[in-house]
Amino acid sequence: MIIMQLNSNMIFILKTNVNVSCMVIIRFVVCNRKKKKKMDCGAGTSLFPLHRCKTIHMVRHAQGIHNVEGDKNYKAYMNPDYFDAHLTPLGWQQVDNLRKHVHASALINSVDLVIASPMMRTLQTAVGVFGGEGYTDKSDVLPLMVANAGNSNRAAISSLNSPPIVAVELCREHLGVHPCDRRRSVSEYQYLFPAVDFSLLDSDEDTWWKANVRETKEELAARGLKFLNWLWTRKEKDIAIVTHSGFLFHTLNAFGSDCHPLVKKEISKHFANCELRSMVIVDRSMLGSEASTTNYPGRIPSGLDLPSDVADEKSEK
């Protein structure tokens with residue numbers, strides 16, 4: 001478990017083991033800031049109330065058609081043919097393999113909520129990894145994805161036994177100029193992904209993307225931090241987030257300046273397609289309001305319970 005502090009309000013931690021029942025957080029501290037060439041670093045243990053923590057599983061979408069062409073020639077990202085790019089056949093194989101991992105690790109059993117950027121490639125990845133199985137037209141529940149949505153050549157995906165999937169604009173990719181990062185209308189998505197919740201999107205059409213204005217890296221990072229703070233408005237404690245490379249890199253790069261350089265590099269390095277990293281965020285400023293579900297007040301029934309250390313203090317006076 002690796003921890004980063006951005007400010008006094010929020011701490012960000014990389015979880016190396018998702019099957020953790022208690023929360024002991026290792027905090028990396030820069031001990032000598034005057035030495036630029038060689039850092040003398042130490043580690044201390046910090047404790048936080050469990051109900052002030054959330055586990056988040058950051059996922060980059062699987063390979064999209066724009067990734068393939070963009071790798072050959074960066075100018076391909078300017079091609080309108082890649083508007084709201086969908087997954088490639090190889091991308092769907094990546095989805096299948098991440099799905100197997102999520103089930104084999106039992107992560108599917110702990111995730112309370114899946115948040116997806118409202119783009120074709122992220123929605124396809126989210127429903128493919130976290131969706132149910134065995135959808136039939138006779139089912140009385142809506143599918144997460146209809147058959148062949150986004151040229152997927154895939155059968156419909158069931159919403160049975162799946163965590164709720166919610167689309168959120170704040171975790172979209174770097175906005176502006178690139179057609180692949182412009183979304184479709186909500187009404188189009190609702191037809192293709194009937195059981196996905198699009199109610200948090202403010203408008204049917206994409207009002208965030210501008211053809212001639214590219215969001216700055218600083219604006220993207222600020223949006224990412226706003227998204228992380230927004231997570232504290234949710235009651236869910238274990239959340240998967242399916243988003244994009246640029247969003248992940250610039251958001252996570254805002255953390256870890258007080259860490260060892262190798263730790264910061266581990267956290268902020270670019271995600272591979274369909275990579276998942278589990279992390280913990282800690283609320284130190286009462287951004288969230290959820291009470292603990294595991295704390296127990298004691299003294300039931302009530303009785304005398306003078307602590308021995310208090311008795312020692314009294315005897316010394």
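The residue list 108, 115 contains one member that is within 25 Å of residue 169 (Cα to Cα), assigned to a helix (DSSP H, G or I) and either in contact with a Gly (Cβ under 8 Å, 6 or more places away or on another chain) or modelled with pLDDT of 95 or more (or both), which is 108. The residue that is surrounded by the most Cβ atoms within 10 Å (Cβ to Cβ), among those in region 238-282 that are more than 22 Å from residue 128 (Cα to Cα) and of a type in the set (Lys, Arg), is 264. Please tell me if residue 141 is touching a strand residue (DSSP E or B) at 6+ places or on another chain (Cβ under 9 Å), in contact (Cβ under 8 Å) with a residue 12 or more places away in the chain and not in a loop (DSSP other than H, G, I, E, B). Taking the combined requirement at face value, the residue does not satisfy it.
All conditions but one from (1) part of a loop (DSSP other than H, G, I, E, B); (2) surrounded by 11 or more Cβ atoms within 10 Å (Cβ to Cβ) apply to residue 300; the one that does not is (2). Scanning region 77-88 for residues that are in contact (Cβ under 8 Å) with a residue 60 or more places away in the chain and either surrounded by 13 or more Cβ atoms within 10 Å (Cβ to Cβ) or not in a helix (DSSP H, G or I) (or both) gives 77, 78, 79, 82, 83, 84, 85, 86, 87.
Please work out if residue 189 is closer than 22 Å to residue 62 by Cβ, without any contact (Cβ under 8 Å) to a residue 40 or more places away in the chain and in contact with a strand residue (DSSP E or B) (Cβ under 8 Å, 6 or more places away or on another chain). It is false that residue 189 is closer than 22 Å to residue 62 by Cβ, without any contact (Cβ under 8 Å) to a residue 40 or more places away in the chain and in contact with a strand residue (DSSP E or B) (Cβ under 8 Å, 6 or more places away or on another chain). Could you run through region 158-207 and say how many residues are assigned to a loop (DSSP other than H, G, I, E, B), of a type in the set (S, T, N, Q) and surrounded by fewer than 16 Cβ atoms within 10 Å (Cβ to Cβ)? Residues in region 158-207 being assigned to a loop (DSSP other than H, G, I, E, B), of a type in the set (S, T, N, Q) and surrounded by fewer than 16 Cβ atoms within 10 Å (Cβ to Cβ): 5 in total. When the test is whether a residue is crowded, with 19+ Cβ neighbours inside 10 Å and at pLDDT 60 or above, residue 50 does not pass it. Of all residues in region 69-97, those satisfying the criterion of being of a type outside the set (Asp, Glu) and farther than 30 Å from residue 208 by Cα are 93, 97.
The values are calculated or read from the model by the stated rules, or taken from the named source; none is laboratory data. Nothing here was measured: the structure is a model prediction, and the numbers come from that model. Don't worry about glycine lacking a Cβ; one is built from the backbone with ideal geometry, like all the others, and counts go over all protein chains shown.
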